[in-house]
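The values are calculated or read from the model by the stated rules, or taken from the named source; none is laboratory data. Quick caveat, the model's predicted, so the values are computed rather than measured. Backbone-built Cβ (ideal geometry, glycine too); neighbour counts: all protein chains shown. Heavy atoms of the whole protein, side chains included, go into the accessibility calculation; ligands, DNA and RNA do not. Shrake-Rupley method; radii C 1.70, N 1.55, O 1.52, S 1.80 Å.
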Amino acid sequence: FSGYLCLFPSIIFSKYIMDWPSIFNRKLAIVHPPFDSAEERNAAATAAGSATAIKTLSARSQMNIQKSGGPDSIAPRLMRQISLFGPGIPGSYWLSRIYLLMSRWNFYLTGRIFIDQLTERYMGHWIRFGESALLQVRTCWLDDVVEAFGKKHCGGPFNVVILGAGYDTRCYRLDILRNENARLYEIDAVGTQTIKKNALKKANVDSGNVHFVS
């Protein structure tokens, strides 16, 4: 729980002290104004990017670092480049690092994932599995689906199109997609995609075989 306290300064600073473009002040973070009202409601189209995409990346990163079954070895490299709140909030990067470290220590000491413990404690009557468990199952299942598709079609050119790609890493870590016959496309809103491309570059992850569409 104390790890969550580390996130409050970033929220307060961004929302109430200064008008910083972030997921808390999305209208300040618009990349190419003016957007219509529907696009303004889509945080992924802003410079702050998608908070949901960062959240799922963080979960995959933690599972891999903790050696708790997470297959995504690229996720920690990307997560080290960004904060949980995206760009634009002073101090949030290091506060995010503290929170993630404390969350891992909770796992090492208890053998449980904190967010899943909260789910069980307060929503166990309605939800029979935790957030991290769900993301783990989804990641492994989709990996299997993509690998099966790639093996079936690797004899000739084949397309893999990832819609709403967020911080998906399959194009960079699945061997079957390194096949020269694979034509890879990631489609997402410009805000999230810009953050991701910068993170890939900083993490020295080769994205030359991927076509980014926004």
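Residues are listed down the side, and each one gets a yes or a no for (1) closer than 27 Å to SER83 by Cβ; (2) among the charged types (D, E, K, R):
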{"position": "ASP143", "(1), (2)": "yes, yes"}
{"position": "ASN159", "(1), (2)": "no, no"}
{"position": "ILE162", "(1), (2)": "yes, no"}
{"position": "ALA182", "(1), (2)": "no, no"}
{"position": "LYS196", "(1), (2)": "yes, yes"}
{"position": "ALA199", "(1), (2)": "yes, no"}
{"position": "ASN209", "(1), (2)": "no, no"}
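Could you tell me whether ALA203 is of a type in the set (Gly, Ala, Ser), within 18 Å of the chain's Cα centre (by Cα) and modelled with pLDDT of 95 or more?
Criteria met by ALA203.
Looking at the range 52-101 only, could you name the residues that are part of a helix (DSSP H, G or I) and among the hydroxyl-bearing types (Ser, Thr, Tyr)?
THR52, THR56, SER58, SER61, SER92, TYR93, SER96, TYR99
Please go through the range 34-51 and give me each residue that is assigned to a helix (DSSP H, G or I) and either surrounded by fewer than 21 Cβ atoms within 10 Å (Cβ to Cβ) or modelled with pLDDT of 85 or more (or both), ordered by number.
Once the filter is applied, which keeps residues that are assigned to a helix (DSSP H, G or I) and either surrounded by fewer than 21 Cβ atoms within 10 Å (Cβ to Cβ) or modelled with pLDDT of 85 or more (or both), the range 34-51 yields SER37, ALA38, GLU39, GLU40, ALA51.
Among the numbered criteria (1) in contact with an Asp or Glu (Cβ under 8 Å, 6 or more places away or on another chain); (2) under 23 Å from LYS197 (Cα atoms), which single criterion is violated by SER132?
Tallying (1) in contact with an Asp or Glu (Cβ under 8 Å, 6 or more places away or on another chain); (2) under 23 Å from LYS197 (Cα atoms), SER132 fails exactly one: (2).
Do we have any residue at all in the range 102-119 that's at pLDDT 80 or above, closer than 28 Å to GLY191 by Cβ and open to solvent by less than 40 Å² (accessible area, probe 1.4 Å)?
Looking for residues that are at pLDDT 80 or above, closer than 28 Å to GLY191 by Cβ and open to solvent by less than 40 Å² (accessible area, probe 1.4 Å), one finds at least one in the range 102-119, hence yes.
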